[in-house]
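A.B. asks: I'd like to ask you about the structure that follows.
The values are calculated or read from the model by the stated rules, or taken from the named source; none is laboratory data. Keep in mind that this is a model prediction, so the values were computed, not measured. Heads up, the Cβs are rebuilt from the backbone with ideal geometry, glycines too, and the neighbour counts pull from every protein chain shown. Heads up: the accessible areas ignore ligands, DNA and RNA and are worked out on the full protein's heavy atoms, side chains in. Shrake-Rupley method; radii C 1.70, N 1.55, O 1.52, S 1.80 Å.
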Amino acid sequence: MSLTLPLPQPDGTLANYTLSQREPWRAPVQPSFNRVAYSAAHVVADPRAAVDPWVDCAIDWDTTIAYRQHLWSMGLGVAEAMDTAQRGMGLDWPTSLELIRRSLDAARDVPGALVASGCGTDHLAPETARSVDDVIRAYEEQMEAIERLGGRLILMASRALARVAAGPADYERVYDRVLRQAREPVILHWLGDMFDPALRGYWGSADVDAATATALGVIAAHADKVDGIKISLLDKDKEIAMRRRLPDGVRMYTGDDFNYAELIAGDGVGGSPTQRQSDALLGIFDAIAPAASAALSVLATGDEAGFHEILAPTVPLSRHIFRSPTRFYKTGVVFMAWLNGHQDHFVMVGGQQSARSLPHFAELLQLADAAGLIEQPELAAQRMRMLLALHGVAS
């Protein structure tokens with residue numbers, strides 16, 4: 001089969017591109033990391049279900065769980081039912097809880113498998129929330145359900161809280177109440193408004209420095225109940241500044257899909273190891289899992305140059321997948337999984353496969369090829385040719 005494809009360009013013309021057939025990155029047989037690394041994993045829709053895709057959520061459970069087993073085999077943890085899984089963007093709370101249950105069940109058969117599960121308030125529609133107490137009750141309901149399954153929590157940012165909070169004190173009250181009840185240390189999650197516009201002004205201020213101060217105050221007051229905080233602000237300087245101020249032993253989980261390599265490597269500045277480097281909880285690790293596993297294993301040997309050599313070519317790919325509007329990044333993640341044969345269709349919950357353009361996919365394919373992330377070039381060429389034909393581009 002020909003590996004040359006007529007790819008649409010941003011100016012509307014076509015240009016031939018030939019896949020390189022370079023050897024793709026493979027995860028080590030027994031990966032070993034000196035960072036905690038979670039991949040926020042996507043879900044696989046069931047395209048054969050007789051549902052209205054814009055309204056109902058149908059999941060192919062077997063393929064969804066198989067992808068998590070794929071991530072665990074490479075040493076990566078799974079951050080379950082998060083934004084990458086279209087949580088609150090097609091994936092509702094009952095389906096999220098079922099996803100968490102199935103993921104936890106599957107993890108019990110995998111020695112050392114890490115799972116942390118998203119706990120939010122998404123069953124409470126923001127427009128129906130009337131008070132901070134409503135938000136607290138919503139968090140408590142999800143926390144109880146996840147902990148009953150034996151899950152550890154990622155305390156997700158709440159759209160309802162962002163709507164009803166009058167200022168920082170309301171955030172302090174909610175997190176104080178919820179953290180005091182947590183059975184095990186949780187990961188806090190601060191998602192920027194570039195990912196979700198409804199979260200603008202989280203922690204009670206649109207000023208990032210003021211919001212950071214509030215979040216740090218919450219963490220300091222409950223350091224024994226906080227494993228770490230994931231921030232997704234796409235601002236490495238803000239992340240580094242916050243990382244240096246975290247209490248001893250509280251981790252910074254980078255959610256910066258633009259600058260993750262530099263942030264994970266660290267800068268050596270800080271009074272404790274967790275202040276000098278970031279751990280990872282990243283959506284892009286879903287799409288670049290083999291390279292991420294290989295790079296983290298190299299870093300654990302002390303070879304920082306080798307780590308950057310592997311990850312550097314993945315950064316342009318990640319910046320393309322997460323380009324504005326950033327909230328549509330899930331489409332690129334699922335496209336990569338389809339190209340590489342991890343699912344047999346390119347259909348998403350909520351019909352989100354339509355959220356990016358054909359030229360966007362064409363550039364994504366070329367960047368993935370350059371990064372050594374096309375696992376089966378002939379399959380990728382065949383599937384890209386199908387997508388081109390669907391959009392009226394003949395080979």
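A.B. asks: Using alpha carbons only, how many degrees (0 to 90, rounded to 10) separate the axis of helix 289-300 from the longest principal axis of the chain?
C.D. replies: For helix 289-300, the angle is close to 60 degrees.
A.B. asks: Helix 132-148 sits at what angle to the longest principal axis of the chain, using alpha carbons and giving 0 to 90 degrees rounded to 10?
C.D. replies: 60
A.B. asks: Give me the accessible area per residue for the chain, probe 1.4 Å, as a whole number in Å². Walk me through the numbers on the way to the answer.
C.D. replies: Working: 15600 Å² over 395 residues.
It amounts to 39 Å² per residue over the chain.
A.B. asks: Rank by packing, highest mean first: peptides 136-145, 27-36, 150-159, with packing defined as the count of other Cβ atoms within 10 Å averaged across residues. Write down the numbers at each step before the final one.
C.D. replies: Values: 136-145: 18.7, 27-36: 14.4, 150-159: 23.7.
Order by mean packing, descending: 150-159, 136-145, 27-36.
A.B. asks: Carbon and sulfur: what percent of the chain's accessible surface (1.4 Å probe)? Don't jump to the answer; show the numbers that get you there.
C.D. replies: Working: 7650 of 15600 Å².
The nonpolar share, carbon plus sulfur, comes to 49 percent.
A.B. asks: Okay, moving on. Using only Cα atoms, figure out Rg for the range 5-77 and give it as a multiple of 2.2 N^0.38 Å. Please report the intermediate quantities before stating the final value.
C.D. replies: Values: Rg = 18.6 Å, N = 73, 2.2 N^0.38 = 11.2 Å.
Expressed relative to 2.2 N^0.38 Å, the Cα Rg reads 1.65.
A.B. asks: Rounded, prolate or oblate: which fits the range 1-146 when a ≥ b ≥ c are the square roots of the eigenvalues of the alpha-carbon gyration tensor, with rounded for a/c under 1.5 and prolate only if a/b beats b/c? Walk me through the numbers before you get to the answer.
C.D. replies: Values: a/c = 2.24, a/b = 1.40, b/c = 1.60.
Oblate, since a/c reaches 1.5 and b/c is not below a/b.
A.B. asks: For helix 358-370, what angle does its Cα long axis make with the longest principal axis of the chain, in degrees from 0 to 90 and rounded to 10?
C.D. replies: 90
A.B. asks: Further question on the same structure: How much length is gained on full extension from ARG319 to ASP248, taking 0.36 nm per residue of separation minus their Cα-Cα distance?
C.D. replies: 22.4 nm
A.B. asks: Would you mind calculating the relative contact order of the range 252-295 from Cα pairs under 8 angstrom and at least 6 residues apart, reporting the percent as a whole number?
C.D. replies: Normalised by residue count, the contact order of the range 252-295 is 42 percent.
A.B. asks: Using the Cα centre of the range 263-395 as the reference point, and only Cβ charges (+1 on K/R, -1 on D/E), how large is the resulting charge dipole? Debye, rounded to the nearest 20. Write out the running numbers ahead of the final one.
C.D. replies: Numbers: 8 positive and 11 negative charges, 118 e Å.
So the magnitude is around 560 debye.
A.B. asks: In percent, what relative contact order does the range 315-360 have, based on Cα pairs under 8 Å that are 6 or more apart in sequence? Don't skip to the answer; put the middle values down first.
C.D. replies: Details: 26 pairs, mean separation 14.6, N = 46.
About 32 percent, as a whole number.
A.B. asks: Another question about this same structure. Using unit Cβ charges (K, R positive; D, E negative) and no other charged atoms, how large, in debye to the nearest 20, is the dipole of the chain about its Cα centre? Provide the component values of the computation, followed by the final result.
C.D. replies: Working: 36 positive and 49 negative charges, 25 e Å.
For this selection, approximately 120 debye.
A.B. asks: Taking square-rooted eigenvalues a ≥ b ≥ c of the alpha carbon gyration tensor, is the range 54-126 rounded, prolate or oblate, where a/c under 1.5 means rounded and, failing that, a/b exceeding b/c means prolate? Please report the intermediate quantities before stating the final value.
C.D. replies: Numbers: a/c = 2.33, a/b = 1.79, b/c = 1.30.
Taking the square roots of the gyration eigenvalues as a ≥ b ≥ c, the range 54-126 is prolate.
A.B. asks: Ok, one more. Along the charge dipole of the range 108-220, pointing to its positive end and built from +1/-1 on Cβ of Lys, Arg, Asp and Glu, which listed residue (MET143, TRP190, LEU216) has its Cα farthest out?
C.D. replies: Going by the Cα projections, it comes out as MET143.
A.B. asks: Okay, next question. Would you work out the relative contact order for the chain, in percent, from Cα pairs under 8 angstrom that are 6 or more residues apart? Could the numbers behind the result be given before it?
C.D. replies: Details: 729 pairs, mean separation 81.9, N = 395.
So the answer I get is 21 percent.
A.B. asks: Sort 283-290, 227-234, 167-174 by packing, meaning the average of other beta carbons within 10 Å per residue, with the highest value first. Please report the intermediate quantities before stating the final value.
C.D. replies: Numbers: 283-290: 27.4, 227-234: 24.0, 167-174: 17.6.
Packing order, densest peptide first, comes out as 283-290, 227-234, 167-174.
A.B. asks: Report the charge-dipole magnitude of the range 128-169 in Debye, nearest 20, computed about the Cα centre from +1 at each Lys and Arg Cβ and -1 at each Asp and Glu Cβ. Write down the numbers at each step before the final one.
C.D. replies: Details: 6 positive and 6 negative charges, 37 e Å.
Computed about the Cα centre, the dipole is about 180 debye.
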